[in-house]
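S.K.: Encoded as structure tokens, here's the structure I'll be asking about.
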Amino acid sequence: MSLSVQWSWLALVTLSSGFANLILVWAVSKHRDQVGGTWFIGVASLMTAICFAYGGALFVFDPLWLRELLEMVVMLCTLWLGVAWLAFALVYTGRQYVLRTVPAAAITGFFGIITLVALTNGYHELIWMGFELDPVAGAATVTYDLTLMFYVLFAIGVILLSIAQLLLLDTLLSYGRLFQSQVAALLLTPIFPVVGIVAYFFSLGPVPQYSFLPLLLVPHMLLDIYALFSAGMFEFKPATRRIGERTAIDDLDTPVLTVDTEGRLINFNTTAAALFGERARGLVGRNLSELLSTEIDLGNREQDIELLIDGERRQYRITSSPFENVAGTPLGYTTVLQDITDLRQRQQRFAVINRVLRHNLRNDLTVIGGHAELIAGRDTDPSVTDSAETIVDESAALVALAERARELNRTIDGTVADGEPTKLRALVDDLVDERADSVWSPEVDISEGLSVRTDSDVLALVLGNLLDNAIEHIEDPSVRISAIPVRDDGDSIRIEITDTGPGIPEAELDALQNGSEDALQHGSGIGLWVVQSGITALGGDLSFSTENGTTVTLRIPGAVRDDLPR
């Protein structure tokens, strides 16, 4: 049987759309290694195949089986186009793990079988029947009757396309402006080919026997080109953010759970699964309070509970954060279980140490010092008197050391309050007056109206220890204390304390920087730790300069705005 081919302008125009889509294949091929790049190449290739197959079919009038085969190729490429588009949407939005599931394999196998059925349609006519030529404008257009199986396949294709579009829409709504342009373009692209598919297979429009699908794939291609080059389709990838968020949660060493507004467990990370052990398989859907065997108030941001884990009682702090959809409707809570057992034990040890330092050690040293003073005042033997005075001095030093250790505990036990606005000049004057017995005449350069909203007790501990360090071991110390408000670094106050002493030993400064207590062998070192711990508790920072004495610079947040420079 000879091949009968007839040229027509309609066939040529249709065929040219295939060359237009080849541009998209070429453009996307450069991004094959990007997330979703391979699947997008597949989409572009199927679009090109549809254009060339249908354009070529319009030239063929005889044999009819060849014309029908080309028509079937167009239909199969259209069906597989929906599958490829869904796969691209899954990978592009960070859900590529779905492609490795049983449903994904089932869909692939199903369409593989449909391909074999379609290619043998001439024997059983399960897809269509009554295939015949119905030329339009000199082109080999056709008509045929679709079967129920075709409409089932069409419905499945619509479902797959809808899922893909919902995935892209979810990305647009969830991640906002960063991915807005490219995702919006990708959402619009299927509209044009869907119109062509519906019009052709449901015999709509002025020329129902001609498929406008290849021509409508051209605006599809143009939107893809825009997403690729103008909107940074592969430059900013939603998969990066989605996978990053999931990985960040899964890799946390802290159990993280997601519950709905009723407190029912929806999802949890691997650490939470390990926490619950074998019970993890049946956790989803269970109420969190029932699961933890204690009443959980999700409206309370923090709540401490006790759990029995592997026969050991552990203390946990539950932190709940509500989340909602774009419309502001509450959807549930993200709940974090932080193991605070070790923290509680440290707090208890600190409390014990504080009681020992405050009562036992301090009181006993005071008694020792008092008896030594009595001995020094009554005994006439110079050697005994000298020894007694040494005991008095060392006892006083140990009492001071115990007091500073207690102050250190005060700054790190987490009981720092915001407090009321504190007049900084009045606070410094009180600290100076408390040290009036020292031989010093400090220069205070602080405005009377300068105020800071902070924990005044902790700030007094910090400044008091710095003043003690400045006047210690100096016969006639020269100390200057100044403070100015600073707007540039967040409405804070910068305080400088300068003295002419020998400077702080490098070993103690290194200990502060390295977090090591090895160099803290006397009260001065602990005093510096009180300073650093107190500044950290107040949310500030400090620095030291040991050239020509010592200059300590503090930054304290919370400057009252009325005192800030304008």
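The values are calculated or read from the model by the stated rules, or taken from the named source; none is laboratory data. All values reported here derive from a predicted model rather than from experimental measurement. Neighbour counts are summed over all protein chains in view; Cβ atoms, including those assigned to glycine, are modelled from backbone coordinates with ideal geometry.
S.K.: Looking only at region 1-25, which residues are touching a helix residue (DSSP H, G or I) at 6+ places or on another chain (Cβ under 9 Å), surrounded by fewer than 14 Cβ atoms within 10 Å (Cβ to Cβ) and modelled with pLDDT of 85 or more?
M.R.: Hits for region 1-25 are L12, F19.
S.K.: Regarding region 161-181, can at least one residue be identified that is buried (at least 18 other Cβ atoms within 10 Å of the Cβ), within 25 Å of G18 (Cα to Cα) and either within 24 Å of the chain's Cα centre (by Cα) or modelled with pLDDT of 90 or more (or both)?
M.R.: No, the conditions are met nowhere in region 161-181.
S.K.: Now, a different point. Taking only pairs six or more apart or across chains, which ones have beta-carbon atoms under 8 Å, a first residue in region 23-44 that is closer than 12 Å to V91 by Cα, and a second residue that is surrounded by fewer than 20 Cβ atoms within 10 Å (Cβ to Cβ) and among the basic types (K, R)?
M.R.: Going by the 8 Å Cβ cut-off, the qualifying pairs are T38/R32.
S.K.: Are any residues in region 70-99 without any contact (Cβ under 8 Å) to a residue 24 or more places away in the chain and among the aliphatic types (A, V, I, L, M), and if so, which ones?
M.R.: L70, V98, L99
S.K.: Looking at region 40-87, which of the residues that are out of contact with any Lys or Arg (no Cβ under 6 Å at 6 or more places or on another chain) and not in a helix (DSSP H, G or I) is surrounded by the most Cβ atoms within 10 Å (Cβ to Cβ)?
M.R.: L58
S.K.: Please find, within region 195-214, the residue that is modelled with the highest pLDDT out of those that are under 17 Å from P135 (Cα atoms) and touching a Pro at 6+ places or on another chain (Cβ under 9 Å).
M.R.: Ranking the candidates gives Q209 first.
S.K.: Moving on to the next point. Condition (residue is surrounded by 15 or more Cβ atoms within 10 Å (Cβ to Cβ) and small (G, A, S)) applied to region 130-137: is it met by at least one residue?
M.R.: Looking for residues that are surrounded by 15 or more Cβ atoms within 10 Å (Cβ to Cβ) and small (G, A, S), one finds none in region 130-137, hence no.
S.K.: Across region 451-470, what is the number of residues that are surrounded by fewer than 20 Cβ atoms within 10 Å (Cβ to Cβ) and more than 16 Å from T536 (Cα to Cα)?
M.R.: Qualifying residue count for the region: 1.
S.K.: From the list T141, T101, which residue is in the same structural domain as A164 (by TED's automatic domain parsing), polar (S, T, N, Q) and within 24 Å of Q209 (Cβ to Cβ)?
M.R.: Matching residue, one of T141, T101: T141.
S.K.: What strands (runs of 3 or more DSSP E) lie completely within region 267-386 and have 1 or more residues being loosely packed, with under 11 Cβ neighbours inside 10 Å and at pLDDT below 75?
M.R.: In region 267-386, the matching strands (runs of 3 or more DSSP E) lie at 302-309, 312-324.
S.K.: Consider T93 against the criteria (1) at pLDDT below 90; (2) under 35 Å from the mean Cα position of the chain (by Cα); (3) surrounded by fewer than 22 Cβ atoms within 10 Å (Cβ to Cβ): it satisfies all of them except one. Which criterion is unmet?
M.R.: (3)
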